Every structure is written in structure tokens, then in C-alpha cells.
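One structure is given below, encoded as C-alpha cells.
The values are calculated or read from the model by the stated rules, or taken from the named source; none is laboratory data. Quick caveat: nothing in here was measured; it's all calculated off a predicted structure. Cβ sites come from the backbone with ideal geometry, for glycine too, and all protein chains shown count toward neighbours. Protein only, heavy atoms only, side chains kept; ligands, DNA and RNA dropped before computing areas. Shrake-Rupley method; radii C 1.70, N 1.55, O 1.52, S 1.80 Å.
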Amino acid sequence: RFAPLQVFWTLDAFDQTFLANVADRQARAAIDFFMVGSDWQAATFREHHAIPDWQLVVMRQGAAASSASTTASRRPASARARKLVYLSTPFRGLDVLLDLFPRIRAACPDAELDVFSSMQVYGVSQADDRAQFAAIYDRARQPGVTLVGSVPQLELARRLQGARVLAYPNHYAETFCIAAAEAQAAGCAVVTSALGALPETVGAGGVCIPGSPG
């Protein structure tokens, strides 16, 4: 043991391969508490890793404090352009959204979509990122879509305040979803999937659609 009290704090889902040993009581004997990001994540750790309730602590996240100074200029959604945003990594639902966007634009011709997505947040080089997800990024070459990539936190907060909706047809179970929290902090409604912890995080600040987003 490194300390009298040891807390394992993770926002990773229960089925990640590097968490497999968590189910082994002997392997986790030195861990006193598990801090997780949502009730859903706690339930999955309890079910799949047999961690008792008394060892599970839910600590939800919030929007970055660095964006707080820009909230004074926030405009109501009705005064904003008909702009959708996507804020996550490409493998969590961007493919579905880009396939769906022509139908959105047919119903609302002035709709626009800004895509703030890349794998660079995980330290992947731009070249490797583009090579791995070229098929998805190529679909962004359509009318009304701007593939922005990753931007600094303050710029993202400013850009979100000019958008109306976080469009997130998610098919990757989130343990919290910081993107939803940041979008709500900027005054965007969230339209996403009823998957993982998203219903908890979104709450009354958007719509969580049941079923497969495909």
C-alpha cells in the first residue's frame, strides 16, 4: 500500500480490458473505494465486478471552469443560427450523424453542422487519426458540414455559445459524458441516445432517444 486510504478513480467503462482484474477480490485488495462518474457506471461495476455498494462513490463532473468567464455573453438559443455541433471522438456516433445530416438539411435547408472531433485528445497524431478514420471524415465533405477538429477549451466554449444543439447519436456507452455537460453549460440543448449514463447527465436539458441510433 502507498497510503492509509487508497481510492481508484476511473471514468472508464466496466468492460475495458485493463479493468478486468477489478473483478478479482485479491487483485483489488489494496483498494478501499472506487470513485466513478455516474449511477450507471456504479451499477455496472457492482454487477460485473461484484463491488459492494459501500465501496462505490459517485462523483459527477462539470463543465471546465476555464469557460466560466465567457458565459456572460451567452445568447438564448432562439437568437442563434440553426447550428448543430458534434463534440466527441469520431467512433462514438459521428458516422451516424453524417449519414443522417442530409435528411436534417432537407427538412431545414439552413441547418449547419460543426464537427469538433479528432483522436488528438488521446495523443494520436493527426496523420494517424486521419488514416484510421478517413472513411468517417470523408463523409464530412457535404453541404453544411464543417470538420473543425479539436480546439482549445476557451475557443470551444465560445463556439458552443453560437450553436443550438449538441447532436450526438451516440453508440458508445458513456460513463458520464463531459461533452454533454459542456454543451449544456453553453446553453445548447442535447439530442442524444438513451445509452449508458447519458440520461443521467442530460436530464431535462435535452432529449435522450431510446433504441439503436442506426
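Ordering 56, 193, 107 by the projection of their Cα atoms onto the charge dipole of the chain, which places +1 on the Cβ of Lys and Arg and -1 on the Cβ of Asp and Glu, puts 107 at the extreme positive end.
Counting only protein heavy atoms and a 1.4 Å probe, tell me what percentage of the chain's accessible area is made up of carbon and sulfur.
Values: 6250 of 11120 Å².
The C+S portion of the solvent-accessible surface of the chain is 56 percent.
Go through [x] 13.7; [y] 12.7; [z] 15.1 and flag the label whose value is the computed mean projected area of the Cα convex hull in nm² for this structure. Derived directly from the coordinates: [x]. Semi-axis lengths, largest first, of the ellipsoid equivalent to the range 1-128 are 39, 19, 15 Å, with √(5λ) applied to each eigenvalue of the Cα gyration tensor.
Roughly how compact is the range 74-149, stated as its Cα Rg over 2.2 N^0.38 Å to two decimals? Walk me through the numbers on the way to the answer.
Values: Rg = 13.3 Å, N = 76, 2.2 N^0.38 = 11.4 Å.
For the range 74-149, the normalised Cα radius of gyration is 1.17.
About the centre of its Cα atoms, the chain shows a dipole size close to 700 debye [charges on the beta carbon of Lys, Arg (+1) and Asp, Glu (-1) only; nearest 20 debye].
Would you mind working out the accessible area per residue for the chain, using a 1.4 Å probe, and quoting it in Å²? Spell out each step's value before the answer.
Details: 11120 Å² over 214 residues.
Value returned for the chain: 52 Å² of accessible area per residue.
For the chain, the 222 nm mean residue ellipticity estimated from helices alone, with every DSSP H stretch of n ≥ 4 adding -39500 (n - 2.57) and the total spread over all residues, rounds to -7500 deg cm²/dmol.
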